[in-house]
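S.K.: My structure is below; once you've seen it, I'll send some questions.
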Amino acid sequence: RADANWTIEFLSNGYRALTGCSPAELIGQPGTRHMELIHPDDRLPEWDAVRNAITERRQYQVEYRLRTADGQEKWIWEQGVGLFSDQGELEAIEGFSTDITARKQAEAALRRMYAELEERVKERTATLHATNSRLHQEIEERRRTLDALRDSEARYRALIDSSPDSVAVLDLAGKIIFASHQAAAQHGVDRPEDLVGTEALDWIAAEDRARFQANVRRLLDEGILRDTQYQVVRQGGKTFAAEISSAVIRDAAGNPAALMGVYRDITERKRSEEKLRREQRALRRMVMAGDHERRLLTYELHDGAAQQLMAAMLQLQAVQRSARGQPESDATGYREVMDTLRQASAELRMVMSRLRTPVLDKFGLPEAIEDIAAQLREQRGAPDIDYQHAVQFRRLEATLENSLFRIAQEALTNACRHSRSDKVRVRLMQAEN
């Protein structure tokens, strides 16, 4: 709960397996009880990531180390989201955590293997240059190296199959000579062998194939390409967004022998990025609209209430100069001043109501539009305003609700002021969600 202590409201039974702690003992306790289990070096980064995501109203995803009740250290992957009230107040944080220790260990082992393999290639290259005269010894050493490489390849394949990312290896002609199980799953085929022997280009969407071929040529020149995005094809013709990092595999002489790509499905990430871009554009428009509305408010106060109040002051001065000996005139002038002041007060109240109507906060959009329509109907010479709504929602997110209200308010005001029409029709409709 988003209270002073971040009180733990619920833990599933899986929490015991994850941490060694009883969920029942922590429910109702401050959130610091869980934070104490997090590795000291990871506590602040983990909390910063959660807090930033909650502030931006998006999901958070964090990885951190955790020390269980019996002293084990685990890697945890956690995803969650803030829960907000209709008024936009943070009420709680809800999330899911899982043990990714095996994956982290596999990644570390893979990195060590890569480093060891690269070091062996460097050492072997130096040895080849230094021992040309020792051909027989070199052959024997090469045989031992090949045996070691076979063992390394077996470990490498095991690590690849346990990786959440897809891995594919191509020959220099562009055919797939190796594919991981994850690659088979992402492309929708039954076995990795179903990909072997096919053209890699066939698994790239038509609109990205020319760019893919150009990047293969770049890869051969540069050796490594990171985070290249394509539309990748599944069996059956559907596509998904993928991010690929690729590298050239070289033989002992340093010549390109094959191409390896590691890629993942980033469809959800792309959707999140597009949603964020839409929200940023909407926010920019809202800021501009707010600034425009403030300017309009300034103009209305200046040309309306301020002018009325100035007229009232001038009339008061005139009344003061002519008051002596003219009681009837004084009374008439006083009434005129009071009428002017009342008109100014009413106009100021209307402007303040336009600035932020309490009906919108309390009852929602349909009632708020009815309220502004009712206010406009009361004005002198106002047209007949016919307002109907057919919506299923009770309340909307505050920003959307306010934006829709401003659109309706501005359109109604302009129609009443400038259209010279006897009737104004307003319809609030809802299509699906």
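The values are calculated or read from the model by the stated rules, or taken from the named source; none is laboratory data. Keep in mind it's a predicted model, so treat the numbers as computed, not measured. Every residue, glycine among them, receives a Cβ derived from its backbone with ideal geometry; neighbour counts consider all protein chains shown. In case anyone asks, the SASA skips ligands and DNA or RNA and just uses the protein heavy atoms, side chains included. Shrake-Rupley method; radii C 1.70, N 1.55, O 1.52, S 1.80 Å.
S.K.: Provide, in order from the shortest bin, the percent of all Cα-Cα pairs of segment 1-97 in each 10 Å bin, continuing until the bin that contains the maximum pair distance.
M.R.: 15, 49, 31, 4, 0
S.K.: Any idea what the alpha-carbon Rg over 2.2 N^0.38 Å comes to for segment 109-186?
M.R.: My calculation over the Cα atoms of segment 109-186 gives 1.38.
S.K.: Just the Kirkwood number for segment 194-277, please: inverse of mean 1/r across all distinct Cα pairs, in Å, one decimal.
M.R.: Over segment 194-277, the inverse of the mean reciprocal pair distance is 14.1 Å.
S.K.: Next question. Step through the residues of segment 411-417 one at a time and calculate ³J(HN,Hα) from phi using the Karplus curve (6.51 cos²θ - 1.76 cosθ + 1.60, θ = phi - 60°), rounding each to whole Hz and writing x for Gly and Pro.
M.R.: 5, 5, 4, 5, 4, 5, 7
S.K.: Keeping all protein chains in place, calculate the accessible area per residue for segment 43-106 (probe 1.4 angstrom), answer in Å².
M.R.: For segment 43-106, the solvent-accessible area averages 61 Å² per residue.
S.K.: How big is the antiparallel share of DSSP beta bridges in the chain, given as a percent to the nearest 5?
M.R.: Of the beta bridges lying entirely in the chain, close to 85 percent run antiparallel.
S.K.: For the chain, the longest stretch holding no trypsin sites (Lys or Arg not before Pro) located in a DSSP loop with at most 16 other Cβ atoms within 10 Å is which?
M.R.: Between exposed loop sites, the widest span is 135-233.
S.K.: While we're on this one: Over all alpha-carbon pairs of the chain, lay out the pair-distance distribution in 20 Å bins, whole %, shortest bin first.
M.R.: Pairs per bin, as whole percents: 16, 31, 28, 15, 7, 2, 0.
S.K.: Given H placed 1.01 Å from N in the peptide plane, which residues other than close sequence neighbours of Ala205 have an amide H under 5 Å from its amide H?
M.R.: Correct list: Gln231, Val232, Val233.
S.K.: Convert each backbone phi in segment 219-232 into a coupling constant with the Karplus relation 6.51 cos²θ - 1.76 cosθ + 1.60 (shift: θ = phi - 60°), then list the ³J(HN,Hα) values in order as whole Hz, x for Gly and Pro.
M.R.: Using θ = phi - 60°, the values come out as 4, 5, 7, 9, x, 9, 10, 10, 6, 8, 10, 9, 8, 9 Hz.
S.K.: Which whole-number percent gives the relative contact order of the chain, counting Cα pairs below 8 Å spaced six or more residues apart?
M.R.: RCO, the chain: 7 percent.
S.K.: Still on this structure, I have one more. If the viscosity is 1.002 mPa s and the temperature 20 °C, what Stokes-Einstein diffusion coefficient in µm²/s follows for segment 157-218 when Rh is the Kirkwood radius over Cα pairs?
M.R.: Reported coefficient: 176 µm²/s.
S.K.: Follow-up question, since we're still on this one. Let's see if you can work this out: charge +1 on each Lys and Arg Cβ, -1 on each Asp and Glu Cβ, no other charges. What is the dipole magnitude of the chain about its Cα centre, in debye to the nearest 20?
M.R.: That gives the chain a dipole magnitude of about 860 debye.
S.K.: Using a 10 angstrom Cβ neighbour count of at most 12 plus a DSSP loop assignment to flag exposed GluC sites (Glu not before Pro), which longest range of the chain is free of such sites?
M.R.: Answer from the scan: 90-377.
S.K.: Out of the total accessible area of the chain (probe 1.4 Å, heavy atoms of protein only), what percent is carbon and sulfur?
M.R.: Carbon and sulfur atoms account for 52 percent of the accessible area of the chain.
S.K.: Using the C-alpha atoms of segment 386-427, what convex hull volume per residue, in cubic angstrom, is computed? Intermediate results must be reported in sequence, preceding the final value.
M.R.: Details: hull volume 2.3 nm³, N = 42.
Value for segment 386-427: 56 Å³ per residue.
S.K.: Using θ = phi - 60° and the Karplus curve 6.51 cos²θ - 1.76 cosθ + 1.60, what whole-Hz ³J(HN,Hα) does each residue of segment 380-385 get, with Gly and Pro shown as x?
M.R.: 4, x, 5, x, 6, 9
S.K.: Now for a separate question. Amide H of Ala257 versus every other amide H placed in the peptide plane: which residues, excluding those fewer than 5 positions away on the same chain, fall under 5 Å?
M.R.: Here the answer is Ile249, Arg250, Asp251, since their amide H atoms fall under 5 Å of that of Ala257.
S.K.: Could you work out how far apart the two model spin labels at Ala258 and Gln388 are, taking each label as a point 7 Å from the Cα in the direction of the beta carbon, and quote it in nm?
M.R.: So the label points at Ala258 and Gln388 sit 7.0 nm apart.
S.K.: Quick one: the Cα spread of segment 43-151 along its three principal axes, in angstroms, biggest first?
M.R.: Per principal axis, max minus min of the Cα coordinates gives 82, 33, 22 Å.
S.K.: How large is the translational diffusion coefficient of segment 144-265 in µm² per second when you combine the Kirkwood radius over alpha carbon pairs with Stokes-Einstein at 37 °C and 0.692 mPa s? Display every interim value, and only then the final one.
M.R.: Numbers: Rh = 14.8 Å.
Answer, rounded: 221 µm²/s.
S.K.: Per residue, how large is the accessible surface of segment 208-283? Use a 1.4 angstrom probe and give square angstrom.
M.R.: 63
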